[in-house]
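The numbers here are math on the coordinates, done by the rules we state, and not lab data. Nothing here was measured: the structure is a model prediction, and the numbers come from that model. Cβ coordinates were reconstructed from backbone atoms using ideal geometry, including for glycine residues, and neighbour counts include every protein chain displayed.
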Amino acid sequence: MNEISNIIESIERLLKNNTPYNISKNSGLPRQTVTDLKNGNTNIRDARFRTIEKLYYSQYLGSAQKWSLSYWACQNSLVSLAIDRK
């Protein structure tokens with residue numbers, strides 16, 4: 001549970017320190033989705049896993065590397081599936 005808390009805290013810092021436009025541009029998420037999270041209209045714990053994943057990884061990947069985010073998300077999903085099957 002500690003890892004999840006760290007991810008949520010990291011995303012909360014991202015939302016606090018950046019504009020919805022900038023986050024949207026770097027993550028590929030709709031600006032309204034980011035705005036709802038930033039303003040508290042949507043709780044981070046209620047967001048889709050895909051949204052959390054994109055927000056988390058967008059902190060480490062610039063907008064020039066969006067293709068890497070998609071690749072990373074795909075690879076991460078495959079790893080998660082492999083772990084779940086064990």
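With both labels modelled 7 Å from their Cα along Cα-to-Cβ, the D46 to N22 distance reads 2.7 nm.
Using the Cβ-Cβ distance between Y60 and N39 with R0 set to 35 Å, the FRET efficiency from 1/(1 + (r/R0)^6) comes to roughly 0.90.
Electrostatic tally near S5: other residues with Cβ closer than 15 Å to its Cβ, Lys and Arg +1, Asp and Glu -1, net -1.
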